[in-house]
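The values are calculated or read from the model by the stated rules, or taken from the named source; none is laboratory data. Just so it is clear, the structure is predicted and the values come from calculations on it, not from any experiment. No Cβ is skipped: glycine too gets one built from the backbone with ideal geometry, and neighbour counts run over all protein chains shown.
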Amino acid sequence: MPRYQGLPASPGIAIGPAFVYRPRQVAVTHHRVEDPRAEWRHLTDAIEMARTQLVALEARARQVAGEDEAAIFEAHRLFLDDEELLGRLKALVLEERWNAKAAVHHVFEQFAEALLSLEEEYFQARAADLRDVAQRVLKCLEGEEEDVGEAAEPVILVAEDLTPSDTIRFDREKILGIVTAKGGPTSHSAILARAMGVPAAVSVAMDLADIRNETLCILNGSTGVFSVGPTLHELELARREKDQWEAQRRVELGQAHLPATPRDGDHPVEVAANIGSVEDAEQAVRFGADGVGLLRTEFLYLQRNAMPTLAEQVRTYRRIFEVLGGRPVVVRTLDVGGDKEVPYLGTGHEPNPFLGWRAIRMIRERPDVLEDQFTALLQAAGELLAEGKPVDLRIMLPMVSSVAEVERARELFEQAKEGLAHRGKPLPDRVQFGIMVEVPSAALLADRFAPLVDFFSIGTNDLTQYTLAVDRTNERVSVLASPYHPAVLRLIEMTIRAAHAHGRWVGVCGELAGDPPAVPLLLGLELDEFSMAPSSIPTIKDLIRRWSLAASREVARQALDFSLAADVIDFLKAQTPR
Ligand code: PEP
Ligand code: MG
């Protein structure tokens with residue numbers, strides 16, 4: 001049977017018939033119209049119909065997928081309000097007598113091409129959104145209602161790629177797994193699959209033309225392998241693997257809300273979640289998170305044209321703190337720049353964006369952004385505490401490379417407190433203040449940073465990128481980017497040792513913390529907190545409970561003796577059950 005390799009995007013095994021999703025593209029031809037006024041009315045009606053559909057989709061997305069997905073449809077709707085875009089459509093139809101379909105295709109493509117020329121992943125995704133909206137308007141021009149291309153029985157959804165509209169259209173009860181030929185592990189398809197808890201593989205090297213509807217398939221979302229038309233023997237093996245995986249997952253989920261104490265430990269290790277929205281916060285609690293180890297606050301600033309207001313920030317933080325109900329929440333201050341562009345904040349094109357004006361480095365030119373964020377966080381926590389609701393707010397700075405950045409940020413933090421006190425606002429009594437250790441200079445100087453902070457959180461994604469000089473977004477060098485590289489491990493060890501010598505706690509919030517083979521290594525290095533994608537929490541808690549501190553210390557000692565990342569990972573994999 002054909003076996004296709006892709007990137008694992010959501011763990012688990014699905015067995016079922018394929019449903020090959022081929023969205024219909026509207027055919028567009030260009031001609032001159034006799035009555036441009038009537039054509040323009042036709043087009044404005046279609047735009048109105050598209051807008052109505054998007055309002056409904058936004059509401060549905062909010063219900064079934066959460067705020068993040070809803071925000072995508074809001075952004076789609078805003079494209080339809082764009083004055084420049086509407087102006088160009090109007091000029092083509094009324095002045096140049098273009099037919100509506102050709103005008104829509106032409107203008108949306110122009111806008112999409114402009115975004116694509118910017119090359120950044122963020123703008124590429126916006127271009128895809130624009131094309132999605134164009135297709136919607138074109139279908140409305142044909143008077144077509146939303147087609148709910150659905151399968152009658154549960155299926156493995158196979159697609160070239162999925163747009164946000166597609167992901168909302170399908171009935172979740174009917175989807176066993178998702179396979180796409182395009183997209184990365186952070187694409188909409190992958191995000192949707194993880195939110196639904198179904199297996200998924202993306203970037204699968206397959207040609208959709210070779211796959212027939214209803215062919216029985218096996219998808220392994222943990223390895224990224226998609227097999228079409230298996231033999232009975234292969235099917236039998238996959239069924240057994242699926243049963244084992246599900247039985248293990250049930251055990252893990254059943255114990256997800258219990259603390260994770262190593263076999264010989266006298267207190268639990270904290271297992272926390274990395275989140276980036278209110279919806280993620282809810283998911284984190286469902287999966288048994290002891291707290292939040294990383295709240296990425298970028299979501300408040302992306303996909304918009306102006307800074308979020310203070311009131312909006314306070315509202316969102318309040319909701320997240322309420323969901324966490326007094327569990328610790330480590331909020332990372334804004335980390336834009338690098339691969340996350342926010343034009344209204346002035347993150348422009350730079351020759352080396354990851355080495356440029358990113359994260360805490362904004363503090364010199366835009367101290368107001370950070371002070372505003374401190375104010376919003378303190379106000380949100382202060383208000384809830386005054387209402388008798390528990391909050392454990394912790395704040396950390398991203399990409400710190402110099403002690404001066406921490407000192408300056410602390411000044412702004414005090415300023416924010418004074419500002420609130422001056423306005424008679426209640427303040428939380430104690431807010432822990434920490435930094436991310438993701439630049440080698442911070443790890444090397446951990447003993448100098450420790451007296452200035454309450455905690456460290458090691459961002460292994462960036463620490464790996466900066467230690468090994470490997471761009472984390474460049475696929476050509478991705479094989480070199482291993483957090484198991486001995487140089488990265490040595491920096492992690494140094495950081496933990498320096499922090500503990502000063503009585504500070506240390507977490508890891510990079511992807512390493514959620515990788516099963518890393519459990520004995522990090523446990524053995526005496527890490528205090530593991531923070532990861534919510535769905536990984538049950539597995540990592542289960543593994544921590546299986547290890548003793550004594551055995552994991554020995555594993556860590558041996559792991560640090562290797563000179564090659566590949567040897568470290570082989571050694572660690574041999575120690576772990578999965
Ligand atoms: C990291 O760098 O490890 C990290 C957690 O931050 P981000 O992935 O958001 O850069
Ligand atoms: Mg980082």
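Confirm whether V329 is in contact with a Lys or Arg (Cβ under 9 Å, 6 or more places away or on another chain) and away from ligand 2 (no atom under 16 Å from the Cβ). Taking the combined requirement at face value, the residue satisfies it. Checked against (1) more than 30 Å from L78 (Cβ to Cβ); (2) outside any helix (DSSP H, G or I), N274 passes all but a single condition, namely (1).
For T316, the conditions (1) away from ligand 2 (no atom under 16 Å from the Cβ); (2) in contact with a Ser or Thr (Cβ under 6 Å, 6 or more places away or on another chain); (3) among the polar types (S, T, N, Q) are fulfilled apart from (2). Scanning region 409-419 for residues that are surrounded by fewer than 17 Cβ atoms within 10 Å (Cβ to Cβ) and in contact (Cβ under 8 Å) with a residue 40 or more places away in the chain yields R410, Q415, G419. Could you list, in sequence order, the residues of region 528-552 that are in contact with a Gly (Cβ under 7 Å, 6 or more places away or on another chain) and of a type in the set (A, V, I, L, M)? M532, A533, I537, I540, L549 - these are the residues of region 528-552 that are in contact with a Gly (Cβ under 7 Å, 6 or more places away or on another chain) and of a type in the set (A, V, I, L, M). Quick check on my filter: what residues within region 64-104 are more than 31 Å from the chain's Cα centre (by Cα), closer than 18 Å to M49 by Cβ and not β-branched (V, I, T)? Result: L86, L89, K90, N99, A100, K101, A103.
Yes/no per residue for (1) within 14 Å of ligand 2 (Cβ to nearest atom); (2) free of Cβ contacts under 8 Å to residues at least 24 places away in the same chain:
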{"site": "A469", "(1), (2)": "no, yes"}
{"site": "R472", "(1), (2)": "yes, no"}
{"site": "V508", "(1), (2)": "yes, no"}
{"site": "L525", "(1), (2)": "no, no"}
{"site": "L543", "(1), (2)": "no, no"}
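Of the strands (runs of 3 or more DSSP E) lying entirely inside region 188-270, those carrying at least 3 residues that are at pLDDT 95 or above are 216-220, 225-228.
Scanning region 342-395 for residues that are modelled with pLDDT of 95 or more, of a type in the set (V, I, T) and part of a loop (DSSP other than H, G, I, E, B) yields one hit, V391.
Of the residues contained in region 273-289, none is found to be under 23 Å from V508 (Cβ atoms), among the acidic types (D, E) and modelled with pLDDT of 95 or more. Meeting the requirement of 3 or more residues that are touching a Pro at 6+ places or on another chain (Cβ under 9 Å), the helices (runs of 4 or more DSSP H) wholly within region 396-510 are 403-422, 460-468, 486-501. Within region 557-578, residues that are closer than 13 Å to D515 by Cβ sit with their Cβ atoms under 8 Å from residues that are in a helix (DSSP H, G or I) and polar (S, T, N, Q), at 6+ positions apart or across chains, in these pairs: R578/Q248; R578/T539.
Applying the condition of being free of Cβ contacts under 8 Å to residues at least 40 places away in the same chain and more than 16 Å from ligand 2 (Cβ to nearest atom) to region 479-495 and asking which residue is farthest from I435 (Cα to Cα) yields V479. Any residue in region 349-361 that is in contact with a helix residue (DSSP H, G or I) (Cβ under 6 Å, 6 or more places away or on another chain) and free of Cβ contacts under 8 Å to residues at least 60 places away in the same chain? Looking through region 349-361, at least one residue is in contact with a helix residue (DSSP H, G or I) (Cβ under 6 Å, 6 or more places away or on another chain) and free of Cβ contacts under 8 Å to residues at least 60 places away in the same chain. When residues in region 252-310 are screened for being away from ligand 1 (no atom under 16 Å from the Cβ), closer than 30 Å to R553 by Cβ and not acidic (D, E), 17 of them pass.
Scanning region 433-446 for residues that are more than 15 Å from ligand 1 (Cβ to nearest atom) and touching a strand residue (DSSP E or B) at 6+ places or on another chain (Cβ under 6 Å) turns up at least one hit.
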